[in-house]
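> Structure incoming, see below.
The values are calculated or read from the model by the stated rules, or taken from the named source; none is laboratory data. Predicted model, so just to flag it, every value in this text is computed and none were measured. Because the Cβ atoms are built from the backbone with ideal geometry, glycine has one as well, and the counts that use them run over all protein chains shown. Just the protein is used for accessible areas: all its heavy atoms, side chains included, with ligands, DNA and RNA removed. Shrake-Rupley method; radii C 1.70, N 1.55, O 1.52, S 1.80 Å.
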Amino acid sequence: MKKISYYICLILYYFIARHLPGSDMPYSFGSKKIRRFLCKRIFKSSGNNINIEHGSFFASGKDIEIGDNSGLGLNCRIAGPLKIGRDLMMGPDVMIFTQNHKNDRIDIPMNLQTDPKRPVVIEDDVWIAARAIILPGVTIKKGAIVGAGAVVTKDVPEYAVVGGNPARIIRYRNGKKV
Ligand SMILES: CC(C)(COP(=O)(O)OP(=O)(O)OC[C@H]1O[C@@H](n2cnc3c(N)ncnc32)[C@H](O)[C@@H]1OP(=O)(O)O)[C@@H](O)C(=O)NCCC(=O)NCCS
């Protein structure tokens, strides 16, 4: 059972802090520090110097882990279980999903079929660019880049740059041949 402080932080986040200005606005009113303070008490675990941007939605946040110097981008919509390493850069409007609607039975509606959650893992030093969508069960390995608008359906190898729908490898940052 979560502590009462968790629920207070969650309410303060969704009613107030989420709507404060972007962290790097000249008139941010300390929004970066306020969101960080609250999210450190909401998330399952949280490193130092995290940045949770304006508009971020993460449901209960209780199954989200985030490492040092990592950020959630403007207006992102993410779901747990989600494990984020260090130094994640996330562009605006990114979506991360961890559950599908089960659909293998046709005798009952899909909204009565449940599919187990499949965690998403994002390793250290990853850049997820604007409007990317990450689907359930995906691992994005160390040093990878997910290009703008990519729909990531499979694991992304170390230092790969991926783009498109479905996302394909464009090149490797470490010189490996595609
Ligand atoms: C993924 C990205 C980093 C790749 O940059 P790059 O390595 O310089 O790649 P290039 O521009 O040389 O393009 C290489 C190829 O990949 C394709 N490509 C590049 N970005 C792509 C993307 N997001 N989706 C699909 N294909 C893409 C190019 O069309 C090109 O294809 P071609 O070889 O058939 O002509 C970049 O294109 C991108 O998406 N940047 C995101 C910018 C952004 O969202 N900024 C907001 C701040 S987070």
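> Aspartates and glutamates within cross-link reach of K33: Cα-Cα under 16 Å, excluding same-chain residues under 8 positions apart?
D24, E53, D68
> At 222 nm, what value in deg cm²/dmol follows for the chain if DSSP H runs of at least 4 each add -39500 (n - 2.57) and the sum is divided by all its residues, to the nearest 500?
So the calculated ellipticity at 222 nm is -4000 deg cm²/dmol.
> In nanometres, what is the gap between the two model label sites at D115 and A148, each 7 Å from Cα along Cα-to-Cβ?
Computed distance between label sites D115 and A148 equals 2.9 nm.
> Also, quick follow-up: In straight Cα distance, which lysines are under 28 Å from K177, not counting same-chain residues fewer than 8 positions off?
List returned: K141, K142, K154.
> Still on this structure, please answer the following. May I ask for the Rg/Rh ratio of the range 86-178, computed from Cα atoms with Rh as the Kirkwood radius, given to two decimals?
Using Cα coordinates only, the ratio equals 1.07.
> Which FRET efficiency value, to the nearest 0.05, is calculated for K2 and K177 with the Förster distance at 45 angstrom and r the Cβ-Cβ distance?
For R0 = 45 Å, the calculated efficiency reads 0.40.
> Share of the range 43-172's accessible area from carbon and sulfur, percent, 1.4 Å? Numbers along the way, then the final one.
Details: 3370 of 6390 Å².
Result for the range 43-172: 53 percent of the exposed heavy-atom area is carbon or sulfur.
> Here is a follow-up. So how do K177, K40, K83 rank on accessible area, 1.4 Å probe, biggest first, that is with the largest at the start? All intermediate terms of the calculation are to be shown ahead of the outcome.
Numbers: K177 170, K40 75, K83 110 Å².
Descending accessible area places them as K177, K83, K40.
> So, for the chain, what is the accessible surface per residue at a probe of 1.4 Å, expressed in square angstrom?
That works out to 56 Å² per residue.
> Counting Lys +1, Arg +1, Asp -1, Glu -1, what net charge surrounds V151 among other residues with beta carbon under 11 Å of its beta carbon?
It works out to a net charge of +3.
> Continuing with the same structure: If you place +1 on the Cβ of every Lys and Arg, -1 on the Cβ of every Asp and Glu, and leave all else neutral, what size is the dipole of the range 43-172 about its Cα centre, to the nearest 20 Debye?
Charge dipole, the range 43-172, about its Cα centre: 240 debye, nearest 20.
> Same structure, new question: Once every Cα of the chain carries one equal point scatterer and solvent is ignored, give the base-10 log of I(q)/I(0) from the Debye formula at q = 0.16, 0.18 Å⁻¹, two decimals.
Here the Debye-derived log intensity ratios amount to -0.95, -1.13.
> Another question, then. Put a dot 7 Å past each Cα toward the Cβ at R77 and S60; how far apart are the dots in nm?
Taking the two extended label points, one gets 2.0 nm.
> Tell me, what ³J(HN,Hα) does each residue in the range 70-86 have, in order and in whole Hz, if you take phi through Karplus 6.51 cos²θ - 1.76 cosθ + 1.60 with θ = phi - 60° and put x for Gly and Pro?
Working through the residues one at a time gives 9, x, 9, x, 3, 6, 6, 10, 10, 9, x, x, 9, 10, 10, x, 8 Hz.
> Could you report the accessible area of R18 in Å², rounded to 10, computed with a 1.4 Å probe on the protein chains as they sit in the structure?
Number for this one is 60 Å².
> Of the options C39, I52, I145, report the single residue whose Cα projects farthest towards the positive end of the charge dipole of the chain (beta-carbon charges: Lys, Arg +1; Asp, Glu -1).
Farthest towards the positive pole: C39.
> Given points 7 Å out from each Cα along the Cα-Cβ axis, report the I106 to S28 separation in nanometres with one decimal.
Those two pseudo-labels are separated by 5.3 nm.
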